[in-house]
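Down below is the structure, laid out as C-alpha cells.
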Amino acid sequence: MTDGAQAATHSGDVSQEVATHCPYCALQCGMTLRRTADRVEVLPRQFPTNRGGLCQKGWTAAELLDHPDRLTTPLVRDRPGAELRPASWPEALDRVVSGIRRIQAEHGRDAVAVFGGGGLTNEKAYTLGKFARVALGTRNIDYNGRFCMSSAAAAGIRAFGIDRGLPFPLADLGTADTLLLVGANVAETMPPLVRYLIEQRERGGTLIVIDPRATATARQATLHLQPTPGTDLAVANALLHIALAEGWVDKHYVDARTSGFEQVRRVAASYWPARVEQLSGVPVADLEAAARALGTAGRTIILTARGAEQHAKGVDTVTAFINLALALGLPGRPGSGYGCLTGQGNGQGGREHGQKADQLPGYRRIDDPAARAHVAGVWGVRPEELPGPGISAYELLTALGTPDGPKALLVFGSNPVVSAPRANRVESRLRDLDLLVVADFVRSETAAIADVVLPTAQWAEEDGTMTNLEGRVLRRRALRPPPPGVRTDLAVLAELADRLGTGSDVEPAGGGSTARVGSAGTGTGPRFPADPRVVFEELRRASAGGVADYAGISWERIDAEDGVFWPCPTEDGAGTARLFADGFPTPDGRARFLPVEHRAAAEEVCPDYPVYLTTGRVLAQYQSGAQTRRIAPLHRAAPGAFLELHPDLAARLGVLDGDEVLVTSRRGEMRAPARLTGTIRPDTVFAPFHWAGQARINSVTSDALDPVSRMPEFKVCAVRVEKA
Ligand SMILES: Nc1nc2c(c(=O)[nH]1)N[C@H]1C(S)=C(S)[C@@H](COP(=O)(O)OP(=O)(O)OC[C@H]3O[C@@H](n4cnc5c(=O)[nH]c(N)nc54)[C@H](O)[C@@H]3O)O[C@H]1N2
Ligand SMILES: Nc1nc2c(c(=O)[nH]1)N[C@H]1C(S)=C(S)[C@@H](COP(=O)(O)OP(=O)(O)OC[C@H]3O[C@@H](n4cnc5c(=O)[nH]c(N)nc54)[C@H](O)[C@@H]3O)O[C@H]1N2
Ligand code: SF4
Ligand SMILES: [Mo]
C-alpha cells in the first residue's frame, strides 16, 4: 500500500502532509503535498500508474494555490457593460437564485442550463447532475467531456456494451508485443506513461504510432504512419483487409465471442492497400508492415485518443479500430485489447454519474424507466419529476440566449470561451444570456464575461474521489481548508439548492430555512450534502446495479487497495481490473462488429481554403490554459500559441520561421508566429488550443458534429494561411 499513514483526512481536517493525486490529467499521478512555512510543496509519489513520475504540470500544480490571480471573493456585474465587482456570498447567491427564479417563472424550467467538466470529482459530477434534475428541474445539462471522450464512449458501448477507457490496467502496455497508438501524443499529454512504452520496446516490442505529425511520441515508434487528418477509418479498414488476406484473423474468437463479422468482412474487402494509400497518404508498405506487426504478435494492444476521435466520424473511426481488435481476437485476451486513453483528471468518472445530457448515475440512461425509478428512489423524488434527456454540449452552448434556448447557464469546471469549437459564436451566445454564473478559482475567459463569479476551492483543499484512465477509483485528499472567502463546489451547490427551496420534500417543524431534513430515499440529513464523504455514500447507492457500479467501493478500500476498479458491486468482492475475460455486457454476451465506411471530413480543402488544420496540445499547457498559463515555469516553457507548418508549405506561402501568420477558415481567424518543422505533413498545419484572444485557434475550428456522439470535429478543417 502506497497511500501512506497520512491518508486519513476527512473534510475539514488538515495535515502537514497528504498523499493525493495530480489535479490535471487522467493519469492522476500519485503525489504527496507538504506544507512548509510559506508554501505547498509537491513530491512525486509511487502509484501503480506513474511509478513515481510526474510531468512539469504536476510538479508546479501547487503554484496556483496562493497565486495572486486566485479568486477569494464572489464577483457580480450590476448591468451589461459594467465591470465585475466584489460582492459578499449572500449577495452573489441571492443574485443567482433570484435570476434563476425569474427566468424559470417566465420561460420554464429548461430555461436554466448547467455545464460541467470532466475535472470535477465524482461527488461533484454526481451532485451537479442531481442539482440540475432535482433542484433546477431542467433537462439542460451537459459537460465538456462531450468534446473529449464521447466518440470513444459511444463506440465502446456499441461494440462492448460498456464504456471504460482502458478495460485493463495501464501496466499491460509494458508487456505488449505490439502496441498501436492512434492519434495519441502521450509523450506530451501523459509523460509518465512513456515509461511503459520504453519498457515495451526494451522487451523487444513493436510500437506503431498513427499521427499526421512526427510527434515526440511518434519519434519513439518502430513504425510511424503519417496520414492526412481524418483518414484513420480508412487506415483501420485497410489493416483489417490485409489481416483477412493474410489469414491473421482469429476465426475461433470471432465465432465464439462476437456477432456481425460477415458484413464487416465484406466492407473491408474494398479497402485494398493501394486505395487507402490514395485516401490517406500512408504508403502500402507501411500499411502492410503495421498489419503484420498487429496480426502476428502474441500480445497486441490498440489504443485511440483524441487524434482519432475528435472528428465528425469519430465514433465510426473508433469502431473501425475496435473491428480490427475483435478480428484479431484481442479484447478479453490477457495482455491484449482495445482501449481509449481518457483525458481529463476525472474524464472517466465524470462521464458515469449524471452530468451528461442523457444520463443518470451509474452510467444509467435517463430514458430508461427502471433507471429513473431507481435513481428517483435514492433522491427521494417521484420518477416522473425527473426531466428527460437534454441536448449535447455544443448544441446547448449555441442555443443559449436564442428565442427557444436557455436564458441562464451555470458553469462548473470548464472554460468554453477558449475550448469550445467555433468559439467566437459560442462566446457571443454566452454574452446573450440573461444570467451567466461561473464557479472557478481564477478569472477564466468565461468567468470574465459572467454576471456572477463564485470562487471555489482547489484540489488541495477538498476531499473526493476521481476515476482514472484505467477505471480505477482514487482518493483526492485535502491538505488544507480553502482560503477565507472561498467555498467548495459542493458547498455552493448545497447552498443554492437550499435557497431554491428544493432542499427537501419534508420541512422540519418550525420551518427553518437551512436545517433541511432528508426524504425517505436519502435517509437523514440534507438532500444536497456538502460533505464529499456523505455524497460518495449516496453515489454508491445511486450507482448500485448500474453499469458503472460503485456500490462496493469505500474510501477505506481505496486506501487499502491503491484504488478500486469499477464495476465493484459488493464490499467483499474484488473490483474489476480486467473486463471481458468471460464475455461482454451485451444482451447475448458477444461483442458486436459494425460495418463502417470512410467518408470525407465535413470540410475538405478547396482553392480558397487549401490547407488542413489540425489542433491539439503541448506539454507545458493544460486545456484552455486558465490554470497553466498563470504558472510562471509553464508560461516560460510554452509562452504562446504558434502555427506549426512544413518548410515546403512555408516556402510556397513566403513565410519564414517566426513570422506572424494569419489562419483563416469559413468561421474566423487566428494569429500566431509560424513554427517551421519537417515533422508535419506538408498539406497540414497544427495549432495548440491553450490560448485566448487573437491566438485562439477555436475561432477557426469546425463545429461539424459526429451524428452519434455529437463530438465536434476539432481535428480537421480547411484553412488559408498567409503572412500577417
Ligand atoms: N500537456 C497536456 N496534457 C494533457 C492535456 C493538455 O491540455 N495538455 N489534456 C488532457 C486531455 S483532457 C486530453 S483529452 C488528452 C489528449 O491527449 P492526446 O489525444 O494525446 O492529445 P492531442 O494533442 O489532442 O492529440 C493527439 C495527437 O493527435 C494528432 N492528430 C491530429 N489529427 C489527427 C488525425 O486525424 N488522426 C490521427 N491519427 N492523429 C491526429 C495530433 O497531431 C496530436 O499529436 O490529454 C490530456 N493531457
Ligand atoms: N481546438 C481544440 N479544442 C479543444 C480540444 C482540442 O483538442 N482542440 N480538446 C477538447 C477537450 S479533449 C477538452 S477536455 C476540452 C477542455 O476544455 P475546458 O473545458 O475549457 O477545460 P479546462 O481548461 O480544464 O477548464 C476548466 C476550468 O474550470 C476550472 N476548474 C478546474 N477544476 C475545477 C473544479 O474542480 N471546480 C470548478 N468550479 N472549476 C474548476 C479551471 O480553472 C478552468 O477555468 O477542450 C476541448 N477543446
Ligand atoms: S501526467 Fe497528468 S497527472 Fe501526471 S503529473 Fe502530468 S498532468 Fe499530472
Ligand atoms: Mo479532453
> Helix 314-327 versus the longest principal axis of the chain: what angle, 0 to 90°, nearest 10, using Cα atoms?
Replying inline: 60 degrees
>> Normalised by the empirical 2.2 N^0.38 Å for globular proteins, what value does the Cα Rg of region 162-341 take?
In response: 0.93
> So in the chain, what percent of DSSP beta bridges are antiparallel if you round to the nearest 5?
Replying inline: 50 percent
> Could you give the distance between the Cα centres of region 664-724 and region 35-54, to the whole Å?
Replying inline: 35 Å
> Which trypsin sites (Lys or Arg not before Pro) from region 616-715 combine a DSSP loop assignment with at most 16 other Cβ atoms within 10 Å?
Replying inline: 666
> What whole number of Å gives the distance from the Cα centroid of region 154-185 to the Cα centroid of region 579-641?
Replying inline: 15 Å
> If each of residue 428 and residue 637 carries a label point 7 Å out from its Cα toward its Cβ, how far apart are those two points in nm?
Replying inline: 3.8 nm
> In nm, to one decimal, how far is the modelled label at residue 67 from the one at residue 288, with both set 7 Å along Cα→Cβ?
Replying inline: 5.3 nm
>> Rounded to the nearest 10 Å², what accessible area does residue 141 have for a 1.4 Å probe in the complete protein model?
In response: 0 Å²
> What residues qualify as long-range amide H neighbours of residue 55, i.e. H under 5 Å apart, gap of 5 or more or another chain, H built at 1.01 Å from N?
Replying inline: none
>> Let me spell out the model: positive unit charges on the Cβ of Lys and Arg, negative unit charges on the Cβ of Asp and Glu, origin at the Cα centre of the chain. What dipole size does that give, in debye rounded to 20?
In response: 360 debye
> Pairs 130/313; 57/130; 124/407; 251/715; 313/723: which exceed 29 Å Cα-Cα?
Replying inline: 130/313; 57/130; 251/715; 313/723
> If the viscosity is 1.002 mPa s and the temperature 20 °C, what translational diffusion coefficient in µm²/s does Stokes-Einstein give for the chain when Rh comes from Kirkwood over Cα pairs?
Replying inline: 83 µm²/s
>> Give me the net charge for the shell around residue 196: Cβ to Cβ below 14 angstrom, other residues only, Lys and Arg +1, Asp and Glu -1.
In response: 0
> Taking only Cα atoms, what is the 0 to 90° angle, nearest 10, from helix 284-296's long axis to the longest principal axis of the chain?
Replying inline: 70 degrees
> What is the Cα centroid distance between region 259-280 and region 440-465, reported in whole angstrom?
Replying inline: 48 Å
> Based only on Cα atoms, what Rg/Rh ratio does region 611-723 have, Rh being taken as Kirkwood's radius?
Replying inline: 0.97
> Counting other Cβ atoms within 10 Å of each Cβ, which trypsin sites (Lys or Arg not before Pro) in region 117-208 have at most 13 and sit in a DSSP loop?
Replying inline: 203
> Which is the longest stretch in the chain that no exposed loop site breaks, taking sites as GluC sites (Glu not before Pro) with a DSSP loop state and at most 16 other Cβ atoms within 10 Å?
Replying inline: 84-570
> What FRET efficiency do you get for residue 662 and residue 606 if R0 is 25 Å and r is their Cβ-Cβ distance, rounded to the nearest 0.05?
Replying inline: 0.90
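The values are calculated or read from the model by the stated rules, or taken from the named source; none is laboratory data. Here the structure is a predicted model, which means the values were calculated and not measured. Please note: Cβ atoms are built from the backbone with ideal geometry, for glycine as well, and neighbour counts cover all protein chains shown. These area figures cover heavy atoms from the full protein model, side chains too; ligands, DNA and RNA do not enter into them. Shrake-Rupley method; radii C 1.70, N 1.55, O 1.52, S 1.80 Å.
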